[in-house]
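Accompanying notes for the structure given below.
Read-outs throughout are calculated quantities, based only on the coordinates presented, and are distinct from any laboratory measurement. Every value quoted in this text rests on a predicted model; they were computed, and no experiment measured them. No Cβ is skipped: glycine too gets one built from the backbone with ideal geometry, and neighbour counts run over all protein chains shown.
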Amino acid sequence: MTAAERAVWEDGEGSFSFYGKRSVCMIRTSQAERGILEDYRDGAVLDGVPCSLNIEHRHQTQLFNYNITMYYTQISGITNVVRELLLTSPWRRHADKLKRIEELKKTLAAPDKQGERKMREAARALRAI
């Protein structure tokens, strides 16, 4: 998958998770079909963004009646997340995703985040978006 295709996929199927207080950043996409996410992962890796494919088996509980296997791609770490955002930003349109990117920019620009070199570099890189 190219960066453009990943941007469209993230807009439609993905979710961003930015936990500013713990400095945990990741981009996750999920799907019940493995093949699509393998293509997503392979495209990210070709673009120099480490991406893993994870499997989660969901089983029936008292509250939920399901038995399904879900697949997730995950790009973790602020450096990798910023690299993916820079690659995919020209094709991103989902208003909520754009809002989350703006919130990440504000979080990284906060004085308490400027102590770590990787956070300063990420904030500098995201200014281009």
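For this structure, a couple of remarks:
- Note on H57 and E33: the model spin-label points, each 7 Å out from Cα along the C-beta direction, lie 2.4 nm apart.
- Counting only aspartates and glutamates at least 8 places from K97 when in the same chain, those with an alpha carbon closer than 14 Å to its own are E10, D11, E13, E84.
- Annotation: the residues T73, T107, sorted from fewest to most other C-beta atoms within 10 Å of their own C-beta, follow the order T107, T73.
- Under 5 Å between amide hydrogens, built in the peptide plane, is the criterion, and for Q31 it picks out Y71 among residues at least 5 positions away or on other chains.
- Most positive-pole-ward Cα, A3, A110, I68, against dipole of the chain from beta carbon charges: A110
- Helix 3-13 axis versus longest C-alpha principal axis of the chain: approximately 60°, rounded to the nearest ten.
- Cα-centred dipole magnitude for region 3-126, charges only on beta-carbon of K, R (+1) and D, E (-1), debye, nearest 20: 640
- Coil-residue chymotrypsin sites (Phe, Trp or Tyr not before Pro) of region 1-106, DSSP, other Cβ within 10 Å capped at 16: F64, Y66
- Relative contact order (%) - criterion: Cα under 8 Å, at least six apart; region: region 3-126: 27
- Counting all C-alpha pairs of region 6-129, share separated by more than 21 Å (%): 42
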